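One structure is given below, encoded as C-alpha cells.
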Amino acid sequence: MQENQPKTPLSDHLANERTFLAWVRTAIAIMGFGFVVVKFSIFIKQVSLAVSRPPQSHSSLNSHLIGIALVALGAAMIIFSYFRYEATAKALDSGKYYNPMLLLKISALAIFLISLGLLAYLLLSI
C-alpha cells in the first residue's frame, strides 16, 4: 500500500458487513411475508371449500401474484445488497467512499407499490 493512501479502519469494514447482513435479514423477512401471503390464499381457498362456498379465483390469483412479487423482491434485494457490499468495500479501501442511495430508493418504491397492491387486494376482498 502507498504511504499517501489512508488505511481504512477495520470498524468501517465491519460496519459495511453489518449493513449487508441487515439487508439480507430484511430480504429474508420480505420473502417470508410473500410466502405467507401465498399460503394464506391456499388456506382461505380450503376453508371456502369446507363451508361449501366456491372460492373466488381472482382473489387467489391476486394474492399469488403479490406473494410471488414479494419473494422476487426479496431475492433481488439479496443480489443488489451483495453488489453494494462489494462496491462499498472497494470504495473504503480506495478512500473514495460515497453513500449510494439507489438500492434504498428502489427497495422503498418496490415495497410501497407491492403494499398498495396488497391493500387493494384486501379492500376488494371485504
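The values are calculated or read from the model by the stated rules, or taken from the named source; none is laboratory data. For clarity, every value in this text was computed on a predicted model and none was experimentally measured. Cβ sites come from the backbone with ideal geometry, for glycine too, and all protein chains shown count toward neighbours.
List of remarks:
- The set of residues in region 91-105 that are over 15 Å from the mean Cα position of the chain (by Cα), surrounded by 11 or more Cβ atoms within 10 Å (Cβ to Cβ) and among the hydrophobic types (A, V, I, L, M, F, W, C) comprises A91, L92.
- Here P55 passes the criteria (1) more than 24 Å from R25 (Cβ to Cβ); (2) at pLDDT 75 or above; (3) not polar (S, T, N, Q) except the one numbered (2).
- Summed over region 78-112, residues that are more than 30 Å from K7 (Cα to Cα) and in contact with a helix residue (DSSP H, G or I) (Cβ under 9 Å, 6 or more places away or on another chain) total 4.
- Scanning region 74-90 for residues that are of a type in the set (S, T, Y) and exposed (fewer than 12 other Cβ atoms within 10 Å of the Cβ) returns no hits.
- Residue check for A108: modelled with pLDDT of 85 or more, small (G, A, S), more than 15 Å from the chain's Cα centre (by Cα) and surrounded by fewer than 18 Cβ atoms within 10 Å (Cβ to Cβ): no
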